[in-house]
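The values are calculated or read from the model by the stated rules, or taken from the named source; none is laboratory data. These numbers come from a predicted model, not from an experiment. Quick reminder, even Gly has a Cβ in these numbers, built from the backbone with ideal geometry, and neighbours come from all protein chains shown. Accessible surface is based on the protein model in full, side chains and every heavy atom, while ligands, DNA and RNA are left aside. Shrake-Rupley method; radii C 1.70, N 1.55, O 1.52, S 1.80 Å.
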Amino acid sequence: MSATPQRLTILGSTGSIGTSTLDVVARHPDRFTVFALTAHHRVDRLYEQCVAFRPALAVVGDATHAAVLQQKLRDAHLPTEVAYGSAALCDAASHAQCDSVVAAIVGAAGLASSLAAARAGKKILLANKEALVMSGALFIRAVAEHGATLLPLDSEHNAIFQCLGTGVRDGRGVERLILTASGGPFLQRDLTTLDDVTPDQACAHPNWVMGRKISVDSATMMNKGLEVIEARWLFDMPAERIEVVIHPQSVIHSMVAYADQSVLAQLGNPDMRTPIAHALAYPDRVDSGVAPLNFAAMAHLSFQVPDLDRFPCLRLGLQVLREDCVASVTLNAANEVAVDAFLREQIRFTDIPRIVEQSLQCLPTLVNQAPLEDILAADERARATAQQLIRDLPVRKAQPIAVH
Ligand code: NAD
Ligand code: MG
């Protein structure tokens, strides 16, 4: 056990990964303390977390939410400082009083603060895969140049990290990375009925409980498309040595095949607290609160090759991975816009891959070493393009969306 507790900033603490992280943290008060917590709009939940974990700093999205949180904290006589906005997120991620940063904001909104943590040389526990998809080369370079440590929280990448054993970028003898995918809620569904899928049906994942954006990504399998790109950067692996296999039970979280044809797999119940506990305590091992794997209750483990006609978003992700360019910025941005529109019931489920594919066709690609300004400009262009493509679709009724 470390003598002084690790001081954590948890970016996106009110989300699914954020709350799972705090669940693990609460089990080990001797190992971890919380320096900062951040949320976009969910002030009530953030306030409860402040009461429980007593951070020095809390960050929210804007001044209005900051004022509400400030008042609640004052009323409770809690000394937590309140800040708001993206610069404050970056400050929380790079502050001298924090050792480790859990990057668990969803989407491109998490890029700047994740990068700030890298540039400040922090230990980064990365859940925010979109940051790496958008800026892989830049991000990995920042980690190396500033002596940061990057540990994957995404279950597949955490599994691969564990199977690699000797370290993330030490790939000696590694032949292939095999990412498993559950196939989501529509693995067996009649393809002709996908047009009518509702947001709640798309978010009802058979094995994992997650935020709504990644749940839709799992249903379209864009999540795996983003993850192959994430794997490429994290493990410095060429596209042709990254594979996807469908494994509906979500017990094997991913595998590494070696030159001698040994295949190492990491198994566990589908609960994010396992990879979170692994990365938090690394290189130690601590209790995660997850139930032990019950082999007697496991009838069978099955595997199948993904059907790219059923999952066009995975096809697009694999295409962008092979193209070896930052079309991934467009892939990610157009997908975020399309998923948001689907969750608001403005477009159909089957419009998501159409919008992403058409955005990819409309927009130029960038070279891999593009600076951050170019990446952000490409992100903006892709969003505008995807929004225009959505406006060109037949009109559907707009719904308010739940905010975090
Ligand atoms: P979520 O929607 O449950 O939570 C997102 C968090 O980000 C919330 O705290 C929210 O307040 C914050 N946030 C949202 N928009 C923001 C903005 N514009 N500015 C600042 N903060 C903002 O999402 P999640 O499921 O916890 O996923 C978070 C990240 O982790 C995603 O990148 C996702 O792909 C990745 N991930 C999640 C899981 C999972 O099991 N949930 C697994 C692997 C990877
Ligand atoms: Mg994953």
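Does any residue of the range 61-80 turn out to be within 28 Å of residue 203 (Cα to Cα), within 22 Å of the chain's Cα centre (by Cα) and buried (at least 17 other Cβ atoms within 10 Å of the Cβ)? Yes: the range 61-80 contains one or more residues that are within 28 Å of residue 203 (Cα to Cα), within 22 Å of the chain's Cα centre (by Cα) and buried (at least 17 other Cβ atoms within 10 Å of the Cβ).
Taking the conditions exactly as written (open to solvent by less than 40 Å² (accessible area, probe 1.4 Å), farther than 23 Å from residue 4 by Cα and more than 16 Å from ligand 2 (Cβ to nearest atom)), does residue 155 satisfy them or not?
No; evaluated as a whole, the condition is false for this residue.
When you check residue 54 against the structure, is it of a type in the set (Lys, Arg), closer than 19 Å to residue 15 by Cβ and away from ligand 2 (no atom under 16 Å from the Cβ), yes or no? In short, no. Among the numbered conditions (1) within 9 Å of ligand 1 (Cβ to nearest atom); (2) in a helix (DSSP H, G or I), the only one that residue 106 does not meet is (2). Going by the conditions given, is residue 243 closer than 27 Å to residue 144 by Cβ and either basic (Lys, Arg) or open to solvent by 40 Å² or more (accessible area, probe 1.4 Å) (or both)? So residue 243 fits the description; yes.
Only one of the listed residues (211, 184, 173) is surrounded by fewer than 24 Cβ atoms within 10 Å (Cβ to Cβ) and on the phi > 0 side of the Ramachandran plot. That residue is 173.
Do the conditions hold for residue 112, that is, is it open to solvent by 10 Å² or more (accessible area, probe 1.4 Å), over 24 Å from residue 255 (Cα atoms) and away from ligand 1 (no atom under 13 Å from the Cβ)? Taking the combined requirement at face value, the residue does not satisfy it. Against the numbered list (1) within 10 Å of ligand 1 (Cβ to nearest atom); (2) surrounded by fewer than 17 Cβ atoms within 10 Å (Cβ to Cβ); (3) within 29 Å of residue 321 (Cα to Cα), residue 121 comes up short only at (1). Being under 28 Å from residue 22 (Cα atoms) and not assigned by TED's automatic domain parsing to the domain that holds residue 20 is true of residue 227. Check off (1) within 16 Å of residue 312 (Cβ to Cβ); (2) more than 12 Å from ligand 2 (Cβ to nearest atom) for residue 238 and give me the number that stays unchecked. That leaves (1) as the condition not met.
Looking only at the range 351-366, residues that are outside any loop (DSSP other than H, G, I, E, B) and either open to solvent by 10 Å² or more (accessible area, probe 1.4 Å) or touching a helix residue (DSSP H, G or I) at 6+ places or on another chain (Cβ under 6 Å) (or both) come to 11 in all.
Filter the range 56-78 down to the residues that are among the basic types (Lys, Arg) and in contact with a helix residue (DSSP H, G or I) (Cβ under 9 Å, 6 or more places away or on another chain) and list them by number.
Listed by number, the list holds a single entry, 72.
The residues listed here are 219, 231, 202; of these, the one that is buried (at least 18 other Cβ atoms within 10 Å of the Cβ), more than 16 Å from ligand 2 (Cβ to nearest atom) and among the hydrophobic types (A, V, I, L, M, F, W, C) is 202. List pairs: first residue in the range 123-149 and touching a residue at least 12 places away in the same chain (Cβ under 8 Å), second residue of a type in the set (Val, Ile, Thr) and in a helix (DSSP H, G or I) anywhere in the structure, Cβ distance under 6 angstrom, at least six positions apart or on different chains. Qualifying pairs under 6 Å: 127/17; 133/229; 134/329; 134/375; 135/375. I'd like the full set of residues that are open to solvent by less than 50 Å² (accessible area, probe 1.4 Å), in a loop (DSSP other than H, G, I, E, B) and among the polar types (S, T, N, Q), limited to the range 315-350. Answer for the range 315-350, where residues must be open to solvent by less than 50 Å² (accessible area, probe 1.4 Å), in a loop (DSSP other than H, G, I, E, B) and among the polar types (S, T, N, Q): just 350. Within the range 20-52, being part of a helix (DSSP H, G or I), open to solvent by less than 50 Å² (accessible area, probe 1.4 Å) and closer than 21 Å to residue 273 by Cβ holds for 20, 21, 22, 24, 25, 46, 49.
Rundown of residues vs (1) assigned by TED's automatic domain parsing to the domain that holds residue 173; (2) among the polar types (S, T, N, Q); (3) closer than 15 Å to residue 157 by Cβ, yes/no style:
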site	(1), (2), (3)
214	yes, no, yes
219	yes, no, no
233	yes, no, yes
236	yes, no, yes
245	yes, no, no
280	no, no, no
